[in-house]
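First up is the structure itself, then whatever we jot down about it.
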Amino acid sequence: AWSDLKSVVKTGRPRLSLLEWIHKDAFTADYIQAMGDVAREPARDLARKLGLAGVSRSLDVGCGPGVYSAAFVDRNPRIEAVLLDLPRTLRVTRRLLKSHRHAGRFRFRPADFLADSLGTGEFDLALISNVTHCEDEKNNLKLVEKARRALKPGGRLVIHDYVSDAGFTSPKFAAMLAVHLLVFTGRGNVYTLSQYAGWMRRLGFRDISHRRIGIGSLYPSVAIVGHKA
């Protein structure tokens, strides 16, 4: 994707979309497994900092390798975790999680999170992790609204991602990731805390807060949490 940087800077469009990359046979399994390796420690940190004692059913939107749901059920083995992603991705996810000690608590739901419903009033917690940076603001608002619909009253939406400052130039990794997303997706970006909070507030979430994840690591991230009114 980076080999097209010159063309993308001129046109604003990559040669291939992320979805087209994912539909390449040689790409998907390596990509999903690599995302799992990167996410393992942040997932454990997020599970520790969220407080999952009252969660009986969670939704993992665009779950990829399923590492976050795995960390959730490790933290609270009573959780039933619903993992939602494209059928091609879920084939890899199932393989990666088949030997997990709480594998019986995973439910796999094939879906396109932009085109399909996420459910209605089903979940105590909905997680959208490292997904919003692949989408533009219009699609992210759609995702937040779908997640709100999928939650029970009082349920929590957690958006976990890398976050930029107001000038979109730091942290350095976030700024570089924004360029990567330009060449890799054509519509993704790294957003600010105020943007995330604004989307949640606009769509009816309250008591919005955030937690720093992976503090001191090379790639710190943020979890923004809102409660369905």
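Things to note:
- Separation of alpha-carbon centers, segment 142-170 and segment 191-229, rounded to whole Å: 6
- 3J(HN,Hα) along segment 120-130: 9, x, 9, 10, 7, 8, 10, 10, 10, 10, 6 Hz, from the Karplus curve 6.51 cos²θ - 1.76 cosθ + 1.60 with θ = phi - 60°, whole Hz, x for Gly and Pro.
- Taking the helices alone, the chain has a mean residue ellipticity at 222 nm of -13000 deg cm²/dmol, built from -39,500 (n - 2.57) per DSSP H run of at least 4 residues and averaged over all its residues.
- Once the chain from residue 34 to residue 117 is taken as fully extended at 0.36 nm per residue, the excess over their C-alpha distance is 27.1 nm.
- When the chain is treated as a Gaussian network with alpha carbon springs shorter than 10 Å, the biggest mean-square fluctuation among 179, 73, 163 belongs to 179.
- Database remark: amide H of residue 107 closer than 5 angstrom to the amide H of 81, 82, 83 (H placed geometrically; neighbours at sequence offset of 5 or more, or on other chains; Pro and chain starts carry no H).
- Scalar couplings 3J(HN,Hα) for segment 161-177, obtained by applying the Karplus form with A = 6.51, B = -1.76, C = 1.60 to θ = phi - 60°, are 6, 7, 10, 9, 7, 5, x, 6, 10, 8, x, 4, 4, 5, 5, 5, 5 Hz; x denotes Gly and Pro.
- Annotation: lysines with alpha-carbon distance below 25 angstrom to residue 152 (same-chain offsets under eight excluded): 49, 138, 142, 228.
- Accessible area per residue for the chain is 48 Å², calculated with a 1.4 Å probe on protein heavy atoms, without ligands, DNA or RNA.
- Added length on full extension, which subtracts the Cα-Cα distance from 0.36 nm per residue, residue 9 to residue 48: 10.0 nm
- Across segment 72-85, computed HN-Hα scalar couplings (Karplus, 6.51 cos²θ - 1.76 cosθ + 1.60, θ = phi - 60°) run 5, 6, 5, 6, 9, x, 8, 5, 9, 9, 9, 9, 10, 6 Hz from first to last residue, x flagging Gly and Pro.
- Dipole magnitude (debye, nearest 20) for segment 1-67, charges at Cβ of Lys, Arg, Asp, Glu: 260
- Were the residues from residue 17 through residue 100 laid out at 0.36 nm apart, the gain over their Cα-Cα distance would be 26.7 nm.
- Scanning residues 5 or more positions from residue 135 or on other chains, those with amide H under 5 Å from its amide H are 189, with H placed 1.01 Å from N in the peptide plane.
- Amide proton proximity set for residue 155, modelled H, under 5 Å, gap of 5+: 228
- For the chain, the dipole from Cβ point charges (+1 on Lys and Arg, -1 on Asp and Glu) about the Cα centre works out to 440 debye, to the nearest 20.
- Prolate/oblate/rounded call for segment 36-87, Cα gyration tensor, a/c under 1.5 rounded: oblate
- Options 173, 129, 76, ranked by Cα towards positive dipole end of segment 74-229, top entry (Cβ charges): 76
- Taking label positions 7 Å along the Cα-Cβ direction at both residue 215 and residue 165, the computed distance is 1.9 nm, reported to one decimal.
- By the rule of a C-alpha distance below 24 Å, with chain neighbours fewer than 8 residues away ignored, the lysines paired with residue 6 are 24, 172.
The values are calculated or read from the model by the stated rules, or taken from the named source; none is laboratory data. Note that this is a predicted model, so its numbers are computed, not measured. Note that we place each Cβ from the backbone using ideal geometry, even for glycine, and neighbour counts take in every protein chain shown. In case anyone asks, the SASA skips ligands and DNA or RNA and just uses the protein heavy atoms, side chains included. Shrake-Rupley method; radii C 1.70, N 1.55, O 1.52, S 1.80 Å.
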